[in-house]
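The values are calculated or read from the model by the stated rules, or taken from the named source; none is laboratory data. These numbers were taken from a predicted model, which means no experiment stands behind them. With ideal geometry, Cβ positions are generated from the backbone for all residues, glycine too; neighbour counts draw on all protein chains shown.
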Amino acid sequence: MVRHQPLQYYEPQLCLSCLTGIYGCRWKRYQRSHDDTTPWERLWFLLLTITFGLTLTWLYFWWEVHNDYDEFNWYLYNRMGYWSDWFVPILMTTAAAFTYIAGLLVLALCHIAVGQQMNLHWLHKIGLVVILASTVVAMSAVAQLWEDEWEVLLISLQGTAPFLHMGALAAITVLSWIVAGQFARTERSSSQVAILCTFFAVVFALYLAPLTISSPCLMEKKDLGPKPSLIGHRGAPMLAPEHTLMSFRKALEQKLYGLQADVTISLDGVPFLMHDATLRRTTNVEEQFPELARRPASMLNWTVLQRLNAGQWFLKTDPFWTASSLSPSDHREVQNQSICSLAELLELAKGNATLLLNLRDPPREHPYRGSFLNITLEALLRSGFPQHQVMWLPNRQRPFVRKVAPGFQQTSGSKEAAASLRRGHIQRLNLRYTQVSRQELRDYASWNLSVNLYTVNAPWLFSLLWCAGVPSVTSDNAHTLSQVPSPLWIMVALGWHTKLQPRADHAERSSAPDQPGCQHHEGEAHLLRDQRWHGGLRRALCLFRQQL
């Protein structure tokens, strides 16, 4: 009688099949292995880890640069000649690449956790190399073309470092289980020592990381200064087209401290408001007068400028993604906006807001190039606008301006020594938020110099500057920042507060001489952290020994 050997039955391992299948296209049981990962695949894992770190940094960069995305689009507009929103496609592409790399890294770590041999599929390897190369090229390009923006990365860490540190601690805690499993499976002592040394070095570095964290929001709440005053950048450009009467009216409705405007002059001598050299971006000049589209705005008569529409572009390009939120009445009003003259702005803002004025000189061949400043001054004085509510930014002919309009707040756009600024009768500074440190803010304040920083749109950045004691900021997003009641977070500078309860035998030990280097305390130790360790650790250890 023939006896048949029963077929061997394997229980399905769906999760393991998905794990090895997605990572290395090894869907079958016989394709999987518990052998050690080859050195070549370990190299690919190292490359994957490096790519993850780079894409994470790149994604974080584009998240924090959200404050300046309009500046980024403006920079590309000047180089390419047409307006487009480049920020969203770049951010979405970066997020997709990071998600893909993060998914591969999680799969690789799961391979290590279950003891499976790693074997990254060749398609994933191609994708990994492409993403790594693209990220390196993109970061290099930004470093060359937009160099100043990397400073924002360091500034943002002042607001996010405490939370990134907590996230890193959570991540290393989760990874400790994988490290422990890998340590147990490793047979060679040298490899075990390497694993332990590497892991504990990372843990030690993470626990010392708070010593390097410096943020103006590490403070007592009672030390928080007043909220920075808000100046509307070209009005309220997120709610209405920039430099239009509607934009300035929307800004005044937010009860802002001031309005910022760029002033130029028409061919027939009428001062009007315009930021760009040409009319292409903010008017319909290409439709109305195609032959004038590339001509400087100041080389056109005021009668021609008045015929242009200065609002339809806002609905078409939607530069701040806010056009869809407009009410029907606002939508209709936007469509009927025209170029605003300086006289119209002065009439609207008189008695309601301070004006921060910047003059944009017309071309050399302009008939009023030499008298542009005088014409602007005459318009200001003739309007009856209060002189003390004018922040005068142009640097030329300041002695003449002080003589004609002694009440103007003389404002400088260049960073100089406080003593030099005071000798020049400067009362205010108007700087980019990356140009000044907390210490410099204190130095300027000691010389009675007020500092205004531009352009601050993100609440996290506004919160940092609030904690740092900045007097005022210029913003495109003033309608949002005006609703911020307090900084997003304030962390008390008391990093460690330990109360030691006296034991019964403390009275006996308290009469004993203090240990060398220790001072006697009544059972309470403080470790104060304000960018420095203040000796609290040694005092705490001394007290701890005294309590034993």
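Scanning the range 26-41 for any residue that is small (Gly, Ala, Ser) and either assigned by TED's automatic domain parsing to the domain that holds residue 282 or part of a helix (DSSP H, G or I) (or both) turns up nothing. Contact map, the range 59-72: first residue modelled with pLDDT of 90 or more, second residue outside any helix (DSSP H, G or I) and aliphatic (A, V, I, L, M), Cβ cut-off under 6 Å, separation 6 or more or different chains; pairs are 67/458.
Within the range 282-290, can one find any residue that is in the same structural domain as residue 265 (by TED's automatic domain parsing), over 33 Å from the mean Cα position of the chain (by Cα), of a type in the set (A, V, I, L, M) and surrounded by 14 or more Cβ atoms within 10 Å (Cβ to Cβ)? Yes.
Quick check on the range 303-324. Is at least one of its residues in a helix (DSSP H, G or I), within 30 Å of the chain's Cα centre (by Cα) and small (Gly, Ala, Ser)? Yes: the range 303-324 contains one or more residues that are in a helix (DSSP H, G or I), within 30 Å of the chain's Cα centre (by Cα) and small (Gly, Ala, Ser).
All of (1) free of Cβ contacts under 8 Å to residues at least 40 places away in the same chain; (2) over 20 Å from residue 77 (Cα atoms); (3) of a type in the set (A, V, I, L, M, F, W, C) hold for residue 339 with one exception: (1). Note on the range 8-25: residues that are in a loop (DSSP other than H, G, I, E, B) and modelled with pLDDT under 75 amount to 6.
When you scan the range 202-216, do you find a residue that is within 30 Å of residue 353 (Cβ to Cβ) and in contact with a strand residue (DSSP E or B) (Cβ under 7 Å, 6 or more places away or on another chain), even just one? Within the range 202-216, none of the residues are within 30 Å of residue 353 (Cβ to Cβ) and in contact with a strand residue (DSSP E or B) (Cβ under 7 Å, 6 or more places away or on another chain).
Exactly one residue out of 106, 130 is closer than 23 Å to residue 182 by Cβ, over 25 Å from the mean Cα position of the chain (by Cα) and aliphatic (A, V, I, L, M): that is 106.
To keep it simple, each residue is scored yes or no on (1) acidic (Asp, Glu); (2) touching an Asp or Glu at 6+ places or on another chain (Cβ under 7 Å); (3) surrounded by fewer than 20 Cβ atoms within 10 Å (Cβ to Cβ).
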| site | (1), (2), (3) |
| --- | --- |
| 434 | no, yes, yes |
| 438 | no, no, yes |
| 442 | no, no, yes |
| 445 | no, no, yes |
| 448 | no, no, yes |
| 452 | no, no, no |
| 459 | no, no, yes |
| 464 | no, no, no |
| 473 | no, no, no |
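So if I check each of 119, 73, which one is surrounded by 14 or more Cβ atoms within 10 Å (Cβ to Cβ) and either in the same structural domain as residue 276 (by TED's automatic domain parsing) or under 28 Å from residue 280 (Cβ atoms) (or both)? Testing whether each residue is surrounded by 14 or more Cβ atoms within 10 Å (Cβ to Cβ) and either in the same structural domain as residue 276 (by TED's automatic domain parsing) or under 28 Å from residue 280 (Cβ atoms) (or both) leaves just 73. When the range 202-258 is limited to residues that are of a type in the set (Gly, Ala, Ser) and outside any loop (DSSP other than H, G, I, E, B), the one that is farthest from residue 163 (Cα to Cα) turns out to be 247.
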